[in-house]
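The values are calculated or read from the model by the stated rules, or taken from the named source; none is laboratory data. Worth saying up front: this structure is predicted, and the values here are computed from it rather than measured. In this analysis, Cβ positions are derived from the backbone assuming ideal geometry, glycine residues included, and neighbour counts consider all displayed protein chains. Ligands, DNA and RNA are excluded from the accessible area calculation, which covers all protein heavy atoms including side chains. Shrake-Rupley method; radii C 1.70, N 1.55, O 1.52, S 1.80 Å.
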Amino acid sequence: MSVVTVQLGQCGNQVAHELFDVVCSDTQKKPSRAASCERFFHHSTHGELVARAVLIDMEPKVINQSVSRAAKCGRWRYGEDSHFSQKQGSGNNWANGYCVHGPRHRDVMEELVRREVERCDRLAGLLAMMSVAGGTGSGVGAYVTQCLRDVYPTTFILNHLTWPYRTGEVIVQNYNSVLTLAHLYQLSDAILVHENDTVHGICSQLLNIKHISFSDINKVIAHQLGSVLQPALTADSHGVYSRNPLGELVSALACHPEYKLLSMCTIPQMPSSSIAYSTFSWPGLLKHLRQMLISNTKMEEGIDWQVRPPAGSGRSTSLTGSSFNTSLANLLILRGKDVYSAETGGFEDPALYTSWLSSKEAFSLWKSPVSFNKYEKSATLVSNSQALLSPLDDMVGKAWNMFASRAYIHQYMKYGISEEDFLDSFTSLEQVISSYRQLC
């Protein structure tokens, strides 16, 4: 089954390009190559791999760069009629993207997606990739997701969001983020989030990159996504690589409409030059990954080993003040040598999960004996937990403080967004925050 990727805005197009590059590079001469190629690519009449993707932006520069880079690499390319751009951007204004550019170009964007969907023998789902800080990725992205839900009401839709730095990239990024998330929560089956601050830390502390660029950040995000979306063996696949990655991901993790926010972490992560001098064991990797989960640490550096699951009622807090991270559901993906000998019982501990869902239902395991990204052994955890509660609460709080003084509201109202629309979005996200807080 095939996944159609919809790349939206500058960030969405750049991250998705890196994802296709990772997937194509990783599948060379591997037994899962056929399944991976069917999932992400189709073949042209000349036998070339062509990405199952639609590229959308309101400015042509990034799309032109992505198309050109893909063609030059020689391994894969984008379709010649798979992209749409305009000459004028959305000015970092969600309302401009959602109320103006989206409706104005709805027909042509829907037609591009329809063509890609019809190229699929069997459609697994739609992967929409975007940022929440700017205008096109967030505004047009939310509008396109709404159109996709209208046109494909029974198809799985997974939104991948890149969250901006907390210190700020755009003065109105918190407004854009609130409006985007509130709308996507009603439309998407699940929302997978990468935070720029976290990925920046991985680049700096784990990969030892001195001058970190957005390209470095995009590559880290793409490698983490690839570790999830590449074919794997599930409990129900009976030795055959899984067919529907989005459907199985959503089924495993998003079992309740109030809980759709997914975070992820991968282990190990290190410079390529260090891999040859490192050895990994499954007990060691899984011990670290479990502690990263319960202490809500996004990378190996700085794990709080004091946090423990609560023995009885109440929450556990370490001496450093870190609070126990309660999970609703977790998906563990193991890839590499001796994968069938890995003991994963620590992730099935009922103490890790909410009391109203059994650990057997809350925990899912995918495995593949095929290594990924040059690591002999690697593990990725996708979690529906309280991990994103703090950044979400922080973002909503900052947006509310601006809204309370009516800062920049006029820039949204001139495109048709009212104060009531803001209030509805705040109310929606406050309910999400409340629901995750009450996980116990």
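For first residues located in region 340-366 and within 19 Å of VAL250 (Cβ to Cβ), partners that are open to solvent by less than 30 Å² (accessible area, probe 1.4 Å) and part of a helix (DSSP H, G or I) and lie 6+ apart or on another chain with Cβ distances below 7 Å form the pairs TYR353/SER359; TYR353/ALA362; PHE363/PHE347; SER364/ALA252.
Residue-wise test of (1) assigned to a helix (DSSP H, G or I); (2) at pLDDT below 95; (3) open to solvent by 20 Å² or more (accessible area, probe 1.4 Å); (4) among the hydrophobic types (A, V, I, L, M, F, W, C).
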site: GLY102; (1), (2), (3), (4): yes, yes, no, no
site: GLU110; (1), (2), (3), (4): yes, no, yes, no
site: ALA124; (1), (2), (3), (4): no, yes, no, yes
site: ALA128; (1), (2), (3), (4): no, no, no, yes
site: GLY137; (1), (2), (3), (4): yes, yes, no, no
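Cβ separations smaller than 9 Å between residues 6+ apart or across chains give the following pairs from region 417-429 residues that are not assigned by the TED database to the domain that holds ASN96 and part of a loop (DSSP other than H, G, I, E, B) to residues that are crowded, with 18+ Cβ neighbours inside 10 Å and among the aromatic types (Phe, Trp, Tyr): ILE417/TRP94; ILE417/TYR98; SER418/TYR412. Does ARG335 satisfy being open to solvent by 50 Å² or more (accessible area, probe 1.4 Å), under 24 Å from the mean Cα position of the chain (by Cα) and touching a residue at least 40 places away in the same chain (Cβ under 8 Å)? It is false that ARG335 is open to solvent by 50 Å² or more (accessible area, probe 1.4 Å), under 24 Å from the mean Cα position of the chain (by Cα) and touching a residue at least 40 places away in the same chain (Cβ under 8 Å). One residue is enough: does region 213-221 have a residue meeting the conditions over 28 Å from LEU365 (Cα atoms), in the same structural domain as GLY91 (by the TED database), out of contact with any helix residue (DSSP H, G or I) (no Cβ under 6 Å at 6 or more places or on another chain) and touching a residue at least 60 places away in the same chain (Cβ under 8 Å)? Yes, region 213-221 contains at least one residue that is over 28 Å from LEU365 (Cα atoms), in the same structural domain as GLY91 (by the TED database), out of contact with any helix residue (DSSP H, G or I) (no Cβ under 6 Å at 6 or more places or on another chain) and touching a residue at least 60 places away in the same chain (Cβ under 8 Å). Only residues that are at pLDDT below 90, of a type in the set (A, V, I, L, M) and either assigned to a helix (DSSP H, G or I) or within 17 Å of the chain's Cα centre (by Cα) (or both) were counted across region 267-279, and they come to 1.
Quick grid of which residues meet (1) at pLDDT below 90; (2) not in a helix (DSSP H, G or I):
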| residue | (1), (2) |
| --- | --- |
| GLY134 | yes, yes |
| CYS147 | no, no |
| ASP150 | no, no |
| THR162 | no, yes |
| GLY168 | yes, yes |
| TYR175 | no, no |
| THR180 | no, no |
| LEU192 | no, yes |
| VAL199 | no, no |
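Among the residues making up region 44-66, those that are out of contact with any helix residue (DSSP H, G or I) (no Cβ under 9 Å at 6 or more places or on another chain) and not in a strand (DSSP E or B) are SER44, THR45, HIS46, GLY47, GLU48, PRO60, ASN64. Got at least one residue in region 26-39 being β-branched (Val, Ile, Thr), in the same structural domain as ALA124 (by the TED database) and crowded, with 20+ Cβ neighbours inside 10 Å? Yes, region 26-39 contains at least one residue that is β-branched (Val, Ile, Thr), in the same structural domain as ALA124 (by the TED database) and crowded, with 20+ Cβ neighbours inside 10 Å. Take the conditions (1) surrounded by fewer than 21 Cβ atoms within 10 Å (Cβ to Cβ); (2) touching a Pro at 6+ places or on another chain (Cβ under 9 Å); LEU365 misses just one of them, which is (2). Confirm whether ALA387 is under 18 Å from the mean Cα position of the chain (by Cα) and in contact (Cβ under 8 Å) with a residue 24 or more places away in the chain. Here the answer is yes, as ALA387 does meet what is asked.
Can you name the residue in region 223-266 that is in a loop (DSSP other than H, G, I, E, B) and without any contact (Cβ under 8 Å) to a residue 40 or more places away in the chain and is also least open to solvent (accessible area, probe 1.4 Å) among such residues? Looking at residues that are in a loop (DSSP other than H, G, I, E, B) and without any contact (Cβ under 8 Å) to a residue 40 or more places away in the chain, I get SER237.
Can you tell me which residue is modelled with the lowest pLDDT among those in region 280-289 that are open to solvent by 20 Å² or more (accessible area, probe 1.4 Å) and within 26 Å of ILE209 (Cα to Cα)? Before you say what the answer is, go through the steps one by one.
Looking only at region 280-289, we keep the residues that are open to solvent by 20 Å² or more (accessible area, probe 1.4 Å), and these are 280-281, 283-284, 287-288.
Adding the requirement that they be within 26 Å of ILE209 (Cα to Cα) leaves 280-281, 284, 288.
Values: PHE280: 88, SER281: 91, GLY284: 93, HIS288: 94.
For region 280-289, the residue satisfying everything is PHE280.
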